[in-house]
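Below is one structure, written out as structure tokens, with a few remarks after it.
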Amino acid sequence: DSGVTQTPKHLITATGQRVTLRCSPRSGDLSVYWYQQSLDQGLQFLIQYYNGEERAKGNILERFSAQQFPDLHSELNLSSLELGDSALYFCASSYSTQGRADTQYFGPGTRLTVL
Amino acid sequence: DAKTTQPNSMESNEEEPVHLPCNHSTISGTDYIHWYRQLPSQGPEYVIHGLTSNVNNRMASLAIAEDRKSSTLILHRATLRDAAVYYCILRVLNNAGNMLTFGGGTRLMVKP
């Protein structure tokens, strides 16, 4: 158990809909990262927050947004869903924001299926 | 992040050592070498990291070439539970953030 929790575990929805994925980081970790894993693209970084502030953006679509709340949990919002958004979404957390020796701890993921 | 090259897949017998190679010929002097693995139906998990010297922990050993252009993750006695995709990742000094850049990894299959 990494200490990172994600809800829900599974989500099935229809095209055009909007969903929210939730992540609670390990106790004491200030950074939260979101990654997407699809069969054709592999594991890709989406966005990072550090202590409530956006820190880095990766290949995140404009239809997707995220935030980190004062209690440090984070939510990833996916809107106008398309079939291609079906994927596993992982949240990870770490203590710092720039450490090259820093370890990231991953949650179990949310499997999103768009029908 | 600097690029790494790993074999797509490897096979091992249970209870034998496994050497997983990684080439990173464009590594710079300040890049850390990290290994993560992803067991089936789970999120990635940290395995080990190093900068210049060989490293050991309870999960594995990391052997880093003297010129740092390659490294090898060593599992001393593979178990069925070690069947996973292993990712070799370079962590660069990046003021823009601290994300991990995953490549294709090596799928390790362990035979009983």
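The values are calculated or read from the model by the stated rules, or taken from the named source; none is laboratory data. Since the model is a prediction, treat every value here as computed from it, not as a measurement. Positions of Cβ are generated from backbone atoms using ideal geometry, with glycine treated the same way; all protein chains shown enter the neighbour counts. Please note that ligands, DNA and RNA were not included when accessible areas were found on the heavy atoms of the full protein model with its side chains. Shrake-Rupley method; radii C 1.70, N 1.55, O 1.52, S 1.80 Å.
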Identify all aspartates and glutamates with a Cα-Cα distance to A:Lys57 below 17 Å; exclude those on the same chain that are fewer than 8 residues away in sequence. A:Glu75, B:Asp1
Across A:37-44, the residue-averaged tally of Cβ atoms belonging to other chains within 10 Å stands at 3
Excluding residues fewer than 8 positions from B:Lys3 in its own chain, the aspartates and glutamates with Cα under 12 Å of it are B:Asp31
Among the DSSP beta bridges whose two residues both lie in the protein assembly as shown, what percent are antiparallel, rounded to the nearest 5? 90 percent
By average Cβ neighbour count within 10 Å, what is the ranking of B:73-80, A:19-26 from highest down? A:19-26, B:73-80
Against the globular-protein guess of 2.2 N^0.38 Å, express the Cα radius of gyration of chain B as a ratio, rounded to two decimals. 1.02
Roughly speaking, to the nearest percent, how much of chain A's 1.4 Å accessible area is carbon and sulfur? 47 percent
Please list A:104-111, A:47-54, A:59-66 highest first by mean number of surrounding beta-carbon atoms within 10 Å per residue. A:104-111, A:47-54, A:59-66
Peptides B:33-40, B:60-67: what's the order by average Cβ count within 10 Å, highest mean first? B:33-40, B:60-67
Buried accessible area between A and B, both sides, 1.4 Å probe, in Å² rounded to 100, is 1800 Å²
Taking only the alpha-carbon positions of the stretch A:1-110 and ignoring solvent, what does the Debye formula give for the base-10 log of I(q)/I(0) at q = 0.09 Å⁻¹? -0.21
Along the charge dipole of the stretch A:58-115, which of A:Tyr105, A:Gln68, A:Ser79 sits closest to the positive end, that is, farthest toward it, with unit charges on the beta carbon of Lys, Arg, Asp and Glu (+1, +1, -1, -1)? A:Tyr105
Out of every Cα-Cα pair in the protein assembly as shown, what percent are more than 31 Å apart? 22 percent
What does the charge add up to near B:Ala83, with Lys and Arg as +1, Asp and Glu as -1, over the other residues with Cβ less than 11 Å from its Cβ? +1
